[in-house]
Amino acid sequence: MSGFQTCGDVVRFRLLNRSLFLVAHPRDARHVLQDHANQYDKGTRGFQVLRVFLRNGLLTSEGAHWLRQRRIVQPAFHRDRIAGFGDTMTSAAGDLVDDWLRLPSETVNVTADMMRLTLRIVGETLLSTDVSQEADRVGQALHTILHGANEAISRVVPMPAWWPGRANRTQRAAMRTLDDVIVEIITSRRTNSGTAATTDHDLLSMLMEARDEETGEGMSDAQLRDEVMTIFLAGHETTAIALGWTWHLLAEHPAVRQRLEQVLDHALDGRPPTMADLPRLGYVDQVVKESMRLYPPAWVVSRRPMVDDVVGGFRIPAGSIVLTSPYVTHRHPEYWTTPELFDPDRFDPKHPVDRPPFAYFPFGGGPRQCIGNTFAMMELVLVVSAIAQRCRLDSTDRLAIGRNPSITLRAATPITMRVSRRAAAPA
Ligand code: HEM
């Protein structure tokens, strides 16, 4: 709060000879991401790093190419088309609880387990394959790439992609592995087209069938590969991070957790949650939203102005970097009272509070808003419900968990917790 009072709504700082502007007010985030989005591109360091791995996929591409891709891919993420993935999400979470409750020790590494869980979910919904097993080459390659991207972004002096060092060689090998597997799967689906093998109801099959409404064209194999890679990466770490912080917050706020458990027991009566239960799981939705208010996994969304602009009264020269930050804006004192307090009732639909659109934007906003936001919310609510219904996670120590803001807002150390079976829970 004092930061807002001291610094105001726009903060300018310099890094490696470049001017960076952090904008905190929802009005200014909206200006950059939505109202003047066509004057800004993604030529910032974070996206340059990601582009090496995700090439021309939706997250990193720009201009006419991006627009065409977005038009083709968007329908596959429509609520009705992804509703069928609900059971995959719930049963993956159920299997994790089974594993936990069979363990000889009660302590679990929630950070690692949430990553494995969301990786399994994205693998099964995208390619109908479980890639979360220890020995799985896709899972390993993704881990290497994610690790490499986070390392690269935190380096003060960027290492060029052509540099023949070990890190670059490892990254390239991981990329080749992923490329090979994805191209193999695409080729085999094309070859088997019209046979039983193509009845897989997964995102890849939807993407392969998708056509641009205006031109009737589909995607090339190279484009499919970039989109698959993007969905893999964009679609699992963010969700895992949101889950990790949610378990931490629930453990720190027993009254919220108790209310959540009551809602689950009442709504589900011991059955695993399904999509049909979502309307009765509104409180879970509130908890997840409030968790992402305090710990938005994509804590900063950066842009580069292509022409001079004025934002919040400040002149922003072309070529500088503008950082919009859900983490900062979600604490803006004009829109959030006691901003550091975890209070899911802020999102109670019965008591709506009038806030401008970009006061809360964990999924970004404007034309580049997260294409997977409905998928992610569905996954978060179903996974939290399926786990909290059966077990309780408690903190192993009283130490505050630090934040490690990289591309995503990770916990500084792995979140380890004590797991116990809930007394009233189904076996
Ligand atoms: C809690 C989970 C998630 C969070 C917090 C999140 C956040 C975001 C944000 C902030 C953006 C906008 C980036 C920008 O404007 O530069 C974005 C874009 C994107 N997200 Fe997500 N995301 C999540 C889950 C997912 C999932 C589950 C998928 C796919 C299954 C996904 C796929 C994408 C893609 C493809 C884009 C690029 C969209 C475009 O530019 O057209 N995300 N995400």
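Bear in mind these aren't lab numbers, they're just calculated from the coordinates by the rules spelled out. Everything numeric in this text was worked out from a predicted model, so none of it was measured. In this analysis, Cβ positions are derived from the backbone assuming ideal geometry, glycine residues included, and neighbour counts consider all displayed protein chains.
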- To the nearest µm²/s, what D does Stokes-Einstein give for the range 360-401 at 25 °C and 0.890 mPa s, using the Kirkwood radius over alpha carbon pairs as Rh? 189
- Item | Taking all pairs of distinct alpha-carbon atoms in the chain, Kirkwood radius in angstrom | 22.7
- Could you tell me what % of all Cα pairs in the range 45-187 have separations over 20 Å? 61
- Message: Please compute the alpha carbon radius of gyration of the range 189-296, then divide it by the globular-protein estimate 2.2 N^0.38 Å. Two decimals is fine.
- Response: 1.52
- Just the C-alpha atoms of the range 317-427: what Rg/Rh do they give, with Rh taken as the Kirkwood radius? 1.01
- Kindly provide the trypsin sites (Lys or Arg not before Pro) of the range 343-427 that DSSP labels as loop, not H, G, I, E or B, and whose Cβ sees at most 11 other Cβ atoms within 10 Å. K350, R398
- Message: For the range 205-359, what does the relative contact order come out to in percent, with C-alpha contacts under 8 Å and a separation of six or more?
- Response: 18
- Viscosity 0.890 mPa s, temperature 25 °C, Stokes-Einstein D of the range 325-369 from Kirkwood C-alpha radius, µm²/s: 213
- Just the number, please: Stokes-Einstein D of the range 1-75 in µm²/s, Kirkwood Rh from C-alpha pairs, 25 °C, 0.890 mPa s. 167
- Task: Normalising by the residue count of the range 302-418, find the relative contact order in percent from Cα pairs under 8 Å and 6+ residues apart.
- Result: 13
- Task: Please give the calculated 222 nm ellipticity per residue for the chain, where each DSSP H segment of at least 4 residues contributes -39500 (n - 2.57) and the sum is spread over every residue; nearest 500 deg cm²/dmol?
- Result: -15000 deg cm²/dmol
- Have a look at V49, V353, V228 and tell me which one the Gaussian network model of the chain (Cα, springs below 10 Å) gives the largest fluctuation. V353
